[in-house]
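I have placed the structure first, in the form of structure tokens, so that the comments after it can refer back to it.
The values are calculated or read from the model by the stated rules, or taken from the named source; none is laboratory data. Because the structure is predicted, anything quoted here is derived from the model rather than measured. Here the Cβ is made from the backbone with ideal geometry for all residues, glycine too, and neighbour counts use every protein chain on show.
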Amino acid sequence: MTTVAAVSDAVWMNNAVPLLAALSAIAATIARLPRWRSAESRPFTIAMALLALWAVLRTPAINGSADELALPSGHFEGFAGLVADLALVGAGALIGVTVADLWSRPLLKRAFYVGLVALAAALLLTYDPLHPSYLTIETHKWILALAGIAVNGAVVAAAVLSQRTAPPPFRLPLSLFMFAGLSGVTLAVMRVVTLLRPAGPQVHSWSPIVSVPIFGFALGSLLASVRLRQQELGDLEA
């Protein structure tokens, strides 16, 4: 009885956590919409929407239902997972673009856009639901792992370098971004370790733990939106 209850709790957590992450990312996206006219704000806004999409599609219950619908033909098996992976890579690249804008590095910004196109093409070209191979499956995993290290590493660096110069009201949002970046790097390294040691301990459900960085980015973005709105109201009153 205890084992059944434990399994039930685990299933509930595996579904609830990514859905909560999706809701937080959607809230962050909506909060940023008033600044849509600002070109510098758009990449991160789109990134938050893509993270929400990833969290929804990687919720085990939703992902499993999508695969069941695809089973009769087999032509679209794993399609929801593919879209989720594309969303995650897209979000990562756009977060990288935001970091490049923060550093005023147009070449780095261009590199993230080129990387997005290249990684998206690699994911699409290696998608073969009818004849899945070990190579294509491992390629997907390596793309996500290495992209995670690159983007989250850039986020951590940007947050650290900006911490001292940021106005006091925005230091907590920066700290949340730093937390998101650090947790993202940690998870990406875990992916690399499990890929290098397939016979070692494996993570059986990534969606709940990958939701942790999403919470960090979403809460940081929400708090930054609130602080920015307060600043704008204060300027108007002055």
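Structure notes:
- Residue 124 farther than 22 Å from residue 221 by Cβ and either modelled with pLDDT under 85 or more than 19 Å from the chain's Cα centre (by Cα) (or both): no
- For residue 53, the conditions (1) over 27 Å from residue 119 (Cα atoms); (2) modelled with pLDDT of 90 or more all hold with the exception of (1).
- Within the set 162, 205, the sole residue that is surrounded by fewer than 19 Cβ atoms within 10 Å (Cβ to Cβ), touching a residue at least 60 places away in the same chain (Cβ under 8 Å) and outside any helix (DSSP H, G or I) turns out to be 205.
- Unmet requirement for residue 189, which otherwise passes all of (1) exposed (fewer than 15 other Cβ atoms within 10 Å of the Cβ); (2) under 18 Å from residue 153 (Cα atoms); (3) of a type outside the set (Phe, Trp, Tyr); (4) free of Cβ contacts under 8 Å to residues at least 40 places away in the same chain: (4)
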